[in-house]
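The values are calculated or read from the model by the stated rules, or taken from the named source; none is laboratory data. For clarity, every value in this text was computed on a predicted model and none was experimentally measured. Because the Cβ atoms are built from the backbone with ideal geometry, glycine has one as well, and the counts that use them run over all protein chains shown.
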């Protein structure tokens, strides 16, 4: 293509030209809109009259455009809401050359703003709705909105709490709208009706009292002996809101927040009537995603970071959480705004930066909180919410990194204190998934800052039980750090006490493959698989057999040729086994393991090598998974278990690769998610002799949980994708039928009715329906098998061969208080209980779909038994699915 057009301008256009064109095309309306949105870039109080003048200079005013600017500003910059209320108050003033009897510009904007608010309510856009409530409450304090109408609006949200079968997520959001609106506008409401705030507070308290069981199952500590909510160093969101409202009610809602409009004179009551919010019925649509009470961990004392049970503390945390949530699309901008937050608060809220000149503004409050510690506590609190955070985990981690880069001297100490606080909480029952997320944040954060950590502080903890949560944290953190760097680099950061193998802190060798047939003189370990006898018998020939298969793979032989070679090898091994009197039953398993490990060995050089090997030999993998020697079938459970065992053995020194290969095998449907779940629970039942000193049988750790989570998410994701595809095809099919009916609707002259031609069935739709049904059954099977596995681990029968002997003993209060003397069996059992609780809460929306079937299959055998383990299993289950 010729970009040089000498007769049409003479030079090539660049993207910069288009940008300049857009700049030149910016209309006066756009300039005013941007001025409103950018209010307060330097000093919001001084900029208010300037922005007001810009708005009034637009003649005639474009009210919809101005209302849209207020919508964007209020919903995406909620920390500026008091100043936007002040701006709207100024726009209610009559200009010097104006007619006071005409509607004010501010009134027109407010009326248009209300229409947008109704759209948010109809769409159940709860975040935007809540910030609009903040705006209306400030406008009520500014006497632009009638207090009676605000009271009716807030009461409309409290009626949601009384809806039959209301979900916790819907009720929580409605409660926050009412509570936070009352915090801001409560003084105006109480002035006209002293009982109105009390009614809202009582409605909130009544609802909160019904959430005790839900709080118990998501509290950040796992105390198996107690069914009561007993949380230290953590605060629940609605509990904080209720405590703040009660405190404000006792002081007539003297809320400590900026109110720049309070100094403005009152509007002329002769010409101005406060705006009345025209209430409409709220949509009764239900939220789909299950939500739980939100516990935010406290990491610092009240003199360092604000107490969210106080009005000022609640406001600060709400503002910071809003920033973190809204600016998820731009972590760098979010970090900058977080560090600039003090300019939107009352003077004296935070300590000035070190070396900053004395403030010339008179201090309104004297909290002197540390901004960096407050930010870190808020972000980590959002990251460590149970059962899952609202944003992706990596966002919070990268946000903390950006904050540290902007102010390393002040944020660095806060990070260190936070890590130590959370690490010490591991001994007190900090939830297992919180520990997992904490470990991942710690390792990623260390990788961004040269892996600088004082590990010698934790050397005394090497005397704890090998499966103590602190030992698990150290071991898992180092494993993740090695993934992010390399083995020798991480080893140099550790003190000598952590180097020996019996310290169980860092692996003895760098992560890598474990090809069992690499060494011709190697005798196969008796703990590598259950097929021991034939392995020992044929140790030397296996090397030669594996090398032959490797040569086929290296030569890029066709899959059919490799299958034929495997058939020949099977016949040879069966003959040798017959001659020596060995059983022939183990030969097929041996062939499968040699083939899979040889293929993995070819793909072990890099991730791309692995993908290429899998994709090239998919036909071979399907034949191996079928259990047949020639043609692939639906699959054999034994063959698929052999495949997974071969993968786990090959990558036993690099557990990350086990999860990756399992995921790829599920993606290509070599194995099913149900196979992975079944293999995982079978695998933990047979603990290797080499691991006896390290872990107990029938116990889950974080590695096995990640395998389970991968299988669960794969099954659920397939159903979600199939549902979306089916919905689209049904819509397309309905449209096709409608078009066919419309095109065949010609009127007959004689008045005779012609039969409509039949519409052909859509084969794609039929296939999609069958696929959706099949995937739904698979999802149900995966959930059922996972639940059965947990029940077998935590409430084993008296005849169970591999039960953890401590799984019931740790459930008493005395046992919990004696946890300082626990060994590996007790801590393994406690961790498994933690993963069961997390499974029930994190996957409750899907478990609820099959609750009757799943409960019948897993819990029927406990009927009539007095067993504390089965009672706790059923209680966690019932609370999670909403039965209690």
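Going by the conditions given, is residue 458 part of a loop (DSSP other than H, G, I, E, B), in the same structural domain as residue 486 (by TED's automatic domain parsing) and over 23 Å from the mean Cα position of the chain (by Cα)? No: the conditions fail for residue 458. Residue 427 satisfies every condition listed in (1) closer than 19 Å to residue 299 by Cα; (2) modelled with pLDDT of 95 or more except (2). Considering 121, 74, 55, 59, the condition of being crowded, with 17+ Cβ neighbours inside 10 Å and modelled with pLDDT under 90 is satisfied by 121 alone. When you check residue 439 against the structure, is it more than 24 Å from residue 312 (Cα to Cα) and modelled with pLDDT of 95 or more, yes or no? Answer is yes for this residue. State yes or no: is residue 243 out of contact with any helix residue (DSSP H, G or I) (no Cβ under 8 Å at 6 or more places or on another chain), at pLDDT below 65 and not assigned by TED's automatic domain parsing to the domain that holds residue 428? So residue 243 fails the test.
If we scan region 711-721, do we find a residue that is under 28 Å from residue 588 (Cα atoms) and either out of contact with any strand residue (DSSP E or B) (no Cβ under 9 Å at 6 or more places or on another chain) or at pLDDT below 95 (or both)? Taking every residue of region 711-721 in turn, at least one turns out to be under 28 Å from residue 588 (Cα atoms) and either out of contact with any strand residue (DSSP E or B) (no Cβ under 9 Å at 6 or more places or on another chain) or at pLDDT below 95 (or both).
Checked against the criterion of being assigned to a loop (DSSP other than H, G, I, E, B) and over 42 Å from the mean Cα position of the chain (by Cα), region 64-82 has no qualifying residue. Among the residues of region 204-213, is there at least one that is under 30 Å from residue 807 (Cβ atoms), touching a helix residue (DSSP H, G or I) at 6+ places or on another chain (Cβ under 6 Å) and in contact (Cβ under 8 Å) with a residue 24 or more places away in the chain? Yes: region 204-213 contains one or more residues that are under 30 Å from residue 807 (Cβ atoms), touching a helix residue (DSSP H, G or I) at 6+ places or on another chain (Cβ under 6 Å) and in contact (Cβ under 8 Å) with a residue 24 or more places away in the chain. For region 361-385, filtered to residues that are part of a helix (DSSP H, G or I) and touching a strand residue (DSSP E or B) at 6+ places or on another chain (Cβ under 6 Å), the residue that is farthest from residue 312 (Cα to Cα) is 381. I'd like the full set of residues that are part of a loop (DSSP other than H, G, I, E, B) and touching a residue at least 24 places away in the same chain (Cβ under 8 Å), limited to region 233-267. Those that are part of a loop (DSSP other than H, G, I, E, B) and touching a residue at least 24 places away in the same chain (Cβ under 8 Å): 233, 252, 253, 254, 255, 256, 257, 258, 259, 264, 266, 267. Kindly indicate whether residue 394 is assigned to a helix (DSSP H, G or I), free of Cβ contacts under 8 Å to residues at least 60 places away in the same chain and surrounded by fewer than 21 Cβ atoms within 10 Å (Cβ to Cβ). Here the answer is yes, as residue 394 does meet what is asked. A single member of 388, 402, 440 is surrounded by fewer than 21 Cβ atoms within 10 Å (Cβ to Cβ) and part of a loop (DSSP other than H, G, I, E, B), and it is 388. The residues of region 317-335 that are crowded, with 18+ Cβ neighbours inside 10 Å and more than 21 Å from residue 349 (Cβ to Cβ) amount to a single one, 331. A single entry from 427, 418 fulfils the requirement of being under 27 Å from residue 406 (Cα atoms) and not in a loop (DSSP other than H, G, I, E, B): 418. Looking only at region 461-488, filter to residues that are assigned to a loop (DSSP other than H, G, I, E, B), free of Cβ contacts under 8 Å to residues at least 60 places away in the same chain and touching a helix residue (DSSP H, G or I) at 6+ places or on another chain (Cβ under 7 Å); which one of those is nearest to residue 813 (Cα to Cα)? Per the criteria, the residue is 464. Cβ-Cβ contacts under 6 Å between residues 6 or more apart (or on different chains), taken from a first residue in region 25-50 that is exposed (fewer than 11 other Cβ atoms within 10 Å of the Cβ) to a second residue that is part of a helix (DSSP H, G or I), are absent.
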